[in-house]
Amino acid sequence: MTSRQSRRRFLKATAGAVSAAFLPTRGVLAASSVGEKVRVAVIGCGGQGTSTHVPPCLREQLVALVDPDPKRIAAALKKAESVEKTFDATKVKTFSDYRKMFDSMQKDIDAVSIATPNHHHAPPALIAMKLGKGVYVEKPMSHDIHEARLMAEYAKKYKVASQMGNQGHSGDGWKVFCEYIWAGAIGQVHTVYTWTDRANGGVGPRPPTLPVPEGLDWDSWIGPAPYRDYHKDLHPHEWHGWHDFGNGSLGNMACHIMDGAHWALKLGAPTSIEVEDQIGGSDERYGLSTRIRWDFPAREGMCPVKVYWYDGIKPGVIDPGQGDVIGSVGKLARNRPELVWQLEKNFGRNFGGDGSMYIGTKGIMVAGCYGGGPRIIPEEAHKAFPKPAETIPRWKGSHHANFFWAIREGKPADSDFSVASKLMEMIHLGWVAVRTGVGKKLLWDGNKFTDPVEANNYLSREYRKGWEV
């Protein structure tokens, strides 16, 4: 696909269409009055789907499970039986292909909860929204910017409840953090460091082809992605590290860790993005460690800010928390900003494997993965600053419960797609920079890359025949 074709496709006002076979039926907002349970289909029964999605959906009415691996469905049913002793597995329909589920059950579901690999996030979400069903989808909500924008458009057009699975956005942590920043706790923030020790990537070529595991519907697992033979380091979890299926450590964790920066600093479109350093990776897979920088202009009374992302592991001073040797790479340390290591040493505290640090004109703040424990450092400075007024409404309950509340009340969930899609745009720009290469500064005008224009090819993707959106 040429750069011109990619931009035209990305900028088109109404890009693509769900198959005409999926016609709107019962609207989700009309389906669940007060006291009536929401009928939910869980799409994707891997570790996250089974542990995080199945239990809250059981509190409503779990009516279907979808996964191309029957072993995953069996595990999800076993989990359901352990959570709810009166659970009747015979009343739950199972499918290996969500398209068949929608064909068969579009009148029998009110919402879907999606926990598939990233390349399958948008297609079932778009089908569901066109049918008037609510959609909860794991982070990242999409595989690229085009999908994020289209999903936000569909949620608005079809008036359905939506939620991305970045739980911190409905918790107290980031809300408290925002209130501190907006109260001027550390002055004007000019530099942000975010990091994770996740290493969703690798080195070397694609492994050799292997037989497809018994029972696995490999064609459905591949879905909209370019077809490839089965090999190790894909199913059930390692797909995160491959461009065609995941978004690396950035896609896996930044929706949690960078949420505070995006929210508190009111980050819109950056002017440039650049991968400053990377270890490992290839044309097909993400690296073992990456450092990315976004440059944002002044906005809403806030000064320009540089936002950095560090992920994975790298050769260096041994970090006792990581062990002496990992694979063949040798002695490794968590890939984090040098300032974080220095402050840990100076203040005798551990800022964790996932976190963020904000440098302002009057001080420094830190926060955990989901916004937990936001603090001014040193501790004496935190205690000296008056606790800000509570200006952001609090939600007392789970992130899934917030989604089901949105369905019943006809109100936006805390991380509905109008909010989540904007966070995703920032994160996906980093993903495009990774695909473009180390040391190549990308200039962004808010809608397209002006230099290099070839980067626009990564704003959207081609879908395998039969899986178009």
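The values are calculated or read from the model by the stated rules, or taken from the named source; none is laboratory data. Bear in mind that the values here come from a model prediction, so they are computed numbers and not experimental data. Cβ coordinates were reconstructed from backbone atoms using ideal geometry, including for glycine residues, and neighbour counts include every protein chain displayed.
Tabulated results
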| read-out | value |
| --- | --- |
| Those residues of the stretch 285-314 which are assigned to a loop (DSSP other than H, G, I, E, B) and touching a strand residue (DSSP E or B) at 6+ places or on another chain (Cβ under 6 Å), in sequence order | C303 |
| Filter pass, A148 being closer than 30 Å to K306 by Cβ, surrounded by fewer than 24 Cβ atoms within 10 Å (Cβ to Cβ) and not β-branched (V, I, T) | no |
| Criterion violated by S421 - all others in (1) surrounded by fewer than 21 Cβ atoms within 10 Å (Cβ to Cβ); (2) small (G, A, S); (3) touching a Lys or Arg at 6+ places or on another chain (Cβ under 7 Å) satisfied | (1) |
| Some residue of the stretch 77-93 being in a helix (DSSP H, G or I) and under 22 Å from the mean Cα position of the chain (by Cα) | no |
| Helices (runs of 4 or more DSSP H) fully within the stretch 336-436 counting 1 or more residues that are β-branched (V, I, T) and within 27 Å of the chain's Cα centre (by Cα) | 338-347, 399-409, 417-436 |
| Top-ranked residue in the stretch 389-412 [being touching an Asp or Glu at 6+ places or on another chain (Cβ under 8 Å) and among the aromatic types (F, W, Y); ranked as nearest to L62 (Cα to Cα)] | F404 |
| From K107, K139, residue being buried (at least 22 other Cβ atoms within 10 Å of the Cβ) and either more than 30 Å from N447 (Cβ to Cβ) or not assigned by TED's automatic domain parsing to the domain that holds I222 (or both) | K139 |
| Sole residue being surrounded by fewer than 24 Cβ atoms within 10 Å (Cβ to Cβ), in contact with a strand residue (DSSP E or B) (Cβ under 6 Å, 6 or more places away or on another chain), without any contact (Cβ under 8 Å) to a residue 60 or more places away in the chain and in the same structural domain as P56 (by TED's automatic domain parsing), chosen from K157, K85, K100, K93 | K93 |
| Qualifying positions in the stretch 447-466 - over 21 Å from A155 (Cβ atoms), in contact (Cβ under 8 Å) with a residue 40 or more places away in the chain, in contact with a helix residue (DSSP H, G or I) (Cβ under 9 Å, 6 or more places away or on another chain) and in a loop (DSSP other than H, G, I, E, B) | K448, R464 |
| Some residue of the stretch 68-75 being within 24 Å of Y370 (Cα to Cα), part of a helix (DSSP H, G or I), modelled with pLDDT of 95 or more and not acidic (D, E) | no |
| Given (1) of a type outside the set (A, V, I, L, M, F, W, C); (2) modelled with pLDDT under 65; (3) under 30 Å from K465 (Cα atoms), index of the condition S33 fails | (3) |
| Residue list for the stretch 191-227, filter: of a type in the set (V, I, T) and surrounded by 12 or more Cβ atoms within 10 Å (Cβ to Cβ) | T191, V192, T194, T196, V203, V212, I222 |
